[in-house]
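The values are calculated or read from the model by the stated rules, or taken from the named source; none is laboratory data. Because the structure is a prediction, the values reported are computed rather than measured. So basically every Cβ, Gly included, is an ideal-geometry build from the backbone, and we count neighbours across all protein chains shown.
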């Protein structure tokens, strides 16, 4: 499956245009947005219409600039909000957890993953979060700040069989990739990345 993933567009016209061009060029099977499509939901309706206009199956989770309720209000047709949920697309199980990005530990995420643990068995899993996993290239902000990601996500990746983990939130690490356990982890940034799995 060919995935086009992006994050943290924040209503920026140039980034939106590049995403559109790359979706047309690479013809992915599915598009994934790891949150922060807007600036505090300012133009949420317009941005969701833009997402729908990509004419692909789109999975989105909220970032720290959106609410689940706000996204779900506009999700229809080819656009699905996957926060605290999972969905099968071909042979891949996409697991979504949005919002936040500021917590080292997320007990709610840990409870959620325990609930769906049995349904993940034997599946090829793609984890979509807004916050990056802790202790990776995706959450490192230099000597002064160190690692600022989420330890709960890192723990999950180390203890579960996950193929790919997509996240955003940290603008300074756009385009970075790393590995946690067996999972490739990456922050696709606002211009996006094509990933074949």
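Below, the figures for the structure above:
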read-out	value
Residue 137 at pLDDT below 95 and either part of a loop (DSSP other than H, G, I, E, B) or in contact with a helix residue (DSSP H, G or I) (Cβ under 8 Å, 6 or more places away or on another chain) (or both)	no
From 80, 72, residue being in contact with a strand residue (DSSP E or B) (Cβ under 7 Å, 6 or more places away or on another chain), under 26 Å from residue 9 (Cβ atoms) and surrounded by fewer than 16 Cβ atoms within 10 Å (Cβ to Cβ)	72
Residues (over 25 Å from residue 54 (Cα atoms) and in contact with a helix residue (DSSP H, G or I) (Cβ under 8 Å, 6 or more places away or on another chain)) located in the range 183-197	183
Some residue of the range 15-30 being under 18 Å from the mean Cα position of the chain (by Cα), modelled with pLDDT of 95 or more and over 26 Å from residue 176 (Cβ atoms)	no
Identity of the residue in the range 112-134, in a helix (DSSP H, G or I) and touching a helix residue (DSSP H, G or I) at 6+ places or on another chain (Cβ under 9 Å), that ends up surrounded by the most Cβ atoms within 10 Å (Cβ to Cβ)	113
One residue from 45, 77 being over 20 Å from residue 129 (Cα atoms) and not in a loop (DSSP other than H, G, I, E, B)	45
Pairs with Cβ under 9 Å, 6+ apart, first in the range 47-68 and at positive phi, second in a loop (DSSP other than H, G, I, E, B)	55/78
Some residue of the range 50-70 being in contact with a helix residue (DSSP H, G or I) (Cβ under 8 Å, 6 or more places away or on another chain), modelled with pLDDT of 95 or more and over 22 Å from residue 194 (Cα atoms)	yes
Pairs where the first residue, in the range 119-130, is farther than 19 Å from residue 61 by Cα and the second is surrounded by 22 or more Cβ atoms within 10 Å (Cβ to Cβ), C-beta under 6 Å, 6+ apart	none
Subset of the range 80-90 that is in a loop (DSSP other than H, G, I, E, B) and out of contact with any helix residue (DSSP H, G or I) (no Cβ under 7 Å at 6 or more places or on another chain) - its residue that is farthest from residue 47 (Cα to Cα)	90
Single condition residue 99 does not satisfy, out of (1) at positive phi; (2) modelled with pLDDT under 95; (3) surrounded by fewer than 17 Cβ atoms within 10 Å (Cβ to Cβ)	(3)
The lone exception for residue 90 - which of (1) surrounded by fewer than 17 Cβ atoms within 10 Å (Cβ to Cβ); (2) under 21 Å from residue 157 (Cβ atoms); (3) modelled with pLDDT under 95 it fails	(2)
